[in-house]
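K.L.:
Pasting a structure here, questions to come.
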Amino acid sequence: MAVLLRVLWPLERLNSGILSVGRVIAVIALAVMVCLILGQVFFRYALNDAPNWTEEGARFGMIWMTGMMAPLAYRQGGFVAIDMLERALSKTMATLLGLLLLFIALWVLVIAWDKGLNNHVDSLSGRGCSSSLRWPFGIEIGKCGEKFANSYQYAGLWVGVNLLILVNVELILRGIVTLLGGEDRLNDLSDDKMAGAD
């Protein structure tokens with residue numbers, strides 16, 4: 001168990017650091033998304049015409065917000081869960097069931113990692129250029145010039161899947177430590193800044 005804890009504690013610190021930065025990025029992405037949507041509504045009703053880039057910009061913010069917040073919610077138990085069976089089982093059996101579900105989730109996340117990279121970020125659509133989003137002040141970056149590359153948008157979910165995999169591995173290690181009787185040596189992952197789904 002000492003070896004597991006020596007691997008788990010640095011992974012916990014790494015995840016805590018990355019996810020705290022991810023939270024800031026998600027809050028900024030949410031603020032940008034809300035401002036763009038409100039601006040679009042205002043211009044559509046006040047001037048009968050909205051800038052065409054606001055919808056794509058809001059989608060950009062939503063994708064990055066989701067990619068940054070999903071790992072944090074997953075780590076803190078913020079996803080909706082049906083836990084009737086887990087509550088009916090003994091602590092050991094519930095931990096084994098939790099580990100089984102975490103391994104299944106890891107398998108799905110590894111598939112999502114591959115599909116996200118090869119079917120979205122590094123694909124024909126990911127290599128394309130945005131139809132309406134442009135860099136400010138006429139700046140030209142990469143092969144798309146002054147337009148945003150679609151891969152910047154799609155990368156938000158792929159980065160989120162990478163973070164979900166890191167969190168999943170941490171939760172698996174925590175489950176194994178709990179199974180071995182070391183639950184009292186684990187750090188609390190709850191955070192009063194984020195409400196749970198209970």
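The values are calculated or read from the model by the stated rules, or taken from the named source; none is laboratory data. A quick note: this is a predicted structure, and the numbers were derived from the prediction, not measured. Cβ placement follows ideal geometry from the backbone for every residue including glycine, while neighbour counts extend to all protein chains displayed. The area values use the complete protein model at the heavy-atom level, side chains included, leaving out ligands, DNA and RNA. Shrake-Rupley method; radii C 1.70, N 1.55, O 1.52, S 1.80 Å.
K.L.:
For the chain, what does the relative contact order come out to in percent, with C-alpha contacts under 8 Å and a separation of six or more?
P.N.:
29
K.L.:
When the Karplus curve 6.51 cos²θ - 1.76 cosθ + 1.60 is applied with θ = phi - 60°, which whole-Hz ³J(HN,Hα) does each residue of the stretch 147-161 get, with x for Gly and Pro?
P.N.:
8, 6, 7, 4, 4, 4, 6, 5, 5, x, 6, 5, 4, x, 5
K.L.:
Using a probe radius of 1.4 Å on heavy atoms only, what accessible surface per residue do you get for the chain? Whole Å² is fine.
P.N.:
That works out to 62 Å² per residue.
K.L.:
Connecting C-alpha atoms closer than 10 Å in a GNM of the chain, tell me which of V32, V108, V177 has the biggest fluctuation.
P.N.:
Of V32, V108, V177, the most mobile in the Gaussian network model is V108.
K.L.:
Turning to a different aspect of this structure: As a test of understanding, state the convex hull volume per residue of the chain from its alpha carbons, in Å³.
P.N.:
Numbers: hull volume 30.5 nm³, N = 198.
Taking the convex hull of the Cα positions in the chain, it is 154 Å³ per residue.
K.L.:
Find out how many positive minus negative residues lie around M65, taking Lys and Arg as positive, Asp and Glu as negative, among other residues whose Cβ is under 13 Å from that of M65. Could you put the intermediate results ahead of the total?
P.N.:
Working: positive: R23, R59; negative: none.
Local net charge: +2.
K.L.:
Can you tell me the orientation of helix 53-75 relative to the chain, as the angle in degrees between its alpha-carbon axis and the longest Cα principal axis, to the nearest 10?
P.N.:
Once rounded, the angle reads 10 degrees.
K.L.:
Turning to a different aspect of this structure: Going by a 4.7 Å Cβ-Cβ cut-off, which cysteines of the chain have no partner at all?
P.N.:
Result for the chain is C35, no neighbouring Cys Cβ within the cutoff.
K.L.:
Moving on to the next point. With every protein chain kept in the model, how would you rank I28, I111 by accessible area, 1.4 Å probe, largest at the top? Walk me through the intermediate numbers first.
P.N.:
Details: I28 100, I111 75 Å².
Ranking I28, I111 by accessible area, largest first, yields I28, I111.
K.L.:
Can I ask one more? About the Cα centre, and with charges only on the beta carbon of Lys, Arg (+1) and Asp, Glu (-1), how big is the dipole of the stretch 152-194? Nearest 20 debye, please.
P.N.:
Working: 3 positive and 6 negative charges, 38 e Å.
It comes to approximately 180 debye.
K.L.:
Hey, another quick one. Could you list, bin by bin from short to long, the percent of Cα-Cα pairs of the stretch 3-57 in 5 Å steps?
P.N.:
With a bin width of 5 Å, the distribution comes to 4, 17, 15, 12, 10, 9, 8, 7, 6, 5, 3, 2, 1.
K.L.:
Measure nothing but the geometry: give the 0 to 90° angle between the long axis through the Cα atoms of 2-46 and the longest principal axis through the Cα atoms of the chain, rounded to 10°.
P.N.:
Compared with the principal axis, the helix lies near 30 degrees.
K.L.:
Heavy atoms of the protein only, probe of 1.4 Å, neighbouring chains included. What is the accessible area of I104 in Å², nearest 10?
P.N.:
80
K.L.:
Please report, in debye to the nearest 20, how large the charge dipole of the stretch 1-115 is about its Cα centre when each Lys and Arg carries +1 at its beta carbon and each Asp and Glu carries -1 there.
P.N.:
Computed about the Cα centre, the dipole is about 380 debye.
K.L.:
When N counts the residues of the stretch 36-100, how does its alpha-carbon radius of gyration compare numerically with 2.2 N^0.38 Å, as a ratio? Please report the intermediate quantities before stating the final value.
P.N.:
Working: Rg = 21.2 Å, N = 65, 2.2 N^0.38 = 10.7 Å.
Taking the Cα Rg and dividing by 2.2 N^0.38 Å, one obtains 1.97.
K.L.:
Run the accessible area of the chain with a 1.4 Å probe and give the carbon-and-sulfur part as a rounded percent.
P.N.:
67
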